[in-house]
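Read the structure below first, then the notes.
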Amino acid sequence: MKLAEDSTRTVHSLGLEDLSMAVRYRRYLYELLEPYLGDSVLEVGAGLGDFAAQLAGRRRLVVTDSDPFCVWSLRERLGDRPEVEVRALDLQGEATIGAPVESVVAINVLEHLEDDEHALAAMRSVVVPGGRVLLLVPGYPALYGEFDLAVGHLRRYTPAALRHAVEAAGLHVEVLRPVNLLGGLAWWAAVRVGGRSRPTPALVKLYDRVVVPLARVLERRFEPPFGQSVLCVASAPSG
């Protein structure tokens, strides 16, 4: 069937089948973002719903993607939860979700979009006054390699570059820092130095079992100067 063929192509092009194995990594992301989430949350680019599945106990959870198969998968996986709304949403167009939410989450989304400032302004438009936009993006152009190109990454961000885009969209930066230092070093070794076009399932499992737990312990004690990703928490104007 065409849907099955498209789904296979989508999943492999985005690497989502690898991410589904990274249970500790998803938990690590949740711990980074959870302190800033409100009672109503929109996740953009939710993919197959691996992160959104962790967001239990909210009054309202809107999960979206621009890919039809991902939207279908989100409905199959999360659509029976009464607080969940599943929608198709393209950040390069007009963002409409009904009532505004307290926070928007975008994990590894912004780097795929040609006009990142427009996308950030769209996220700002759907949060309540003073609401937050939570971003996690691939960090540092020096780590850009064949895998980034293969999955459609247009860029990797430095903290300064992300700050520029966020502030240009009318958002105020509250938190901005590199995260996952060990992951960045592992990425450099496996993908950039090792020449791999993408992480293998074996590497993903090793990364999830060894690198992520160490990174979590280390980053509770100090803020790394460099990392695989850049975290940003920004707020919309309160007036």
Original post:
In region 53-76, what count of residues is obtained for those that are within 19 Å of residue 106 (Cβ to Cβ) and not in a loop (DSSP other than H, G, I, E, B)?
Top reply: 12
**OP:** Determine which single condition residue 210 fails, assuming it passes every other condition in (1) outside any helix (DSSP H, G or I); (2) over 20 Å from the mean Cα position of the chain (by Cα).
**Re:** (1)
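When you check residue 141 against the structure, is it over 21 Å from residue 27 (Cα atoms), surrounded by fewer than 22 Cβ atoms within 10 Å (Cβ to Cβ) and at pLDDT below 95, yes or no?
Working: over 21 Å from residue 27 (Cα atoms): yes; surrounded by fewer than 22 Cβ atoms within 10 Å (Cβ to Cβ): yes; at pLDDT below 95: yes.
Yes; evaluated as a whole, the condition is true for this residue.
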**OP:** Within region 138-188, work out how many residues are among the aromatic types (Phe, Trp, Tyr) and under 15 Å from the mean Cα position of the chain (by Cα).
**Re:** 1
**OP:** Working carefully through the options 74, 154, 113, find the one that is among the aliphatic types (A, V, I, L, M), surrounded by 15 or more Cβ atoms within 10 Å (Cβ to Cβ) and closer than 29 Å to residue 188 by Cβ.
**Re:** 113
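A quick yes/no check of all residues on (1) at pLDDT below 85; (2) more than 20 Å from residue 34 (Cα to Cα); (3) outside any loop (DSSP other than H, G, I, E, B):
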residue: 149; (1), (2), (3): no, yes, yes
residue: 162; (1), (2), (3): no, yes, yes
residue: 167; (1), (2), (3): no, yes, yes
residue: 175; (1), (2), (3): no, no, yes
residue: 223; (1), (2), (3): no, no, no
Original post:
How many of the residues making up region 38-51 are buried (at least 19 other Cβ atoms within 10 Å of the Cβ) and either at pLDDT below 90 or part of a loop (DSSP other than H, G, I, E, B) (or both)?
Top reply: 7
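The values are calculated or read from the model by the stated rules, or taken from the named source; none is laboratory data. Computed from a predicted structure; not experimentally measured. No Cβ is skipped: glycine too gets one built from the backbone with ideal geometry, and neighbour counts run over all protein chains shown.
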